[in-house]
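Dumping the structure here so I can ask a few things about it.
Derivation of every value follows stated rules applied to the coordinates shown; laboratory data play no part. Quantities reported herein were computed from a predicted structural model and do not represent experimental measurements. For neighbour counting, all protein chains shown are included, and Cβ atoms are generated from backbone atoms with ideal geometry for every residue, glycine included.
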Amino acid sequence: MALTIAAMWLAVGASPLTAKKKGPPTSKTVVGQVFDAQDNAIPGAAVEITNLSTNKTSAIYTGPEGRFTFTDLKLTQDYQLKAHYKGQFSEVRKVSSWDTRTDMVLNLHIPAPSE
């Protein structure tokens, strides 16, 4: 009997030891790039993210292609992002707790676009 159950698990491509429960997402990830006015990537720009509930700010630098990533953002919190490089700042972008996406792309431009 046990051999039959094990054979059935293997037949459907699952194993009792590797089967994982999928639950609702527990965090958000925000990725993006920082660009200049001509849409060239800016490596080494500082990108700040602020939790609007706690006012805690974290910052990272963009990589060689101007890319940045923030992970493990709480689903129930609101955040804002901005970038700066050589005394110039980007627009401020917001990540809302009402937005149900768990993987977001937010690109920033330095200097901030004129309104």
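Could you pull out the trypsin sites (Lys or Arg not before Pro) across segment 17-115 that fall in loop regions by DSSP (anything but H, G, I, E, B) with no more than 16 other Cβ atoms inside 10 Å? Walk me through the numbers before you get to the answer.
Numbers: sites: Lys20, Lys21, Lys22, Lys28, Lys56, Arg67, Lys74, Lys82, Lys86, Arg93, Lys94, Arg101; in loops: Lys20, Lys21, Lys22, Lys56, Lys86, Arg101.
Counting only loop positions with at most 16 other Cβ atoms within 10 Å, the trypsin sites (Lys or Arg not before Pro) in segment 17-115 are Lys20, Lys21, Lys22, Lys56, Lys86, Arg101.
Still on this structure: Can you give the net charge of the other residues whose Cβ lies under 13 Å from the Cβ of Gln77, counting K and R as +1 and D and E as -1? Walk me through the intermediate numbers first.
Working: positive: Lys28, Lys56, Lys74, Lys94; negative: Asp72, Asp78, Asp99.
Residues near Gln77 contribute +1 overall.
For Asp36 and Asn51, calculate 0.36 nm times their separation in residues minus their Cα-Cα distance, and state this gained length in nm to one decimal. Mind showing how you got there, number by number?
On the way: separation 15, 0.36 × 15 = 5.40 nm, distance 2.54 nm.
So the extension gain works out to 2.9 nm.
So what's the net charge close to Gly32: Lys and Arg +1, Asp and Glu -1, counting the other residues with Cβ under 15 Å from its Cβ? Let's see the in-between values first.
Details: positive: Lys28, Arg67, Lys82, Arg93, Lys94, Arg101; negative: Asp36, Asp39, Glu48, Glu65, Glu91, Asp99, Asp103.
Around Gly32, the charge tally is -1.
If Lys and Arg each add +1 and Asp and Glu each add -1, what is the summed charge of the other residues whose beta carbon sits under 10 Å from the beta carbon of Leu52? Present the calculation step by step, with values, prior to reporting the outcome.
Working: positive: Lys56, Lys94; negative: Asp78.
Result for the neighbourhood of Leu52: +1.
Enumerate the whole-percent occupancy of each 5 Å bin, from 0 to the last occupied one, for all C-alpha pair distances of segment 49-112.
4, 16, 28, 27, 16, 8, 2
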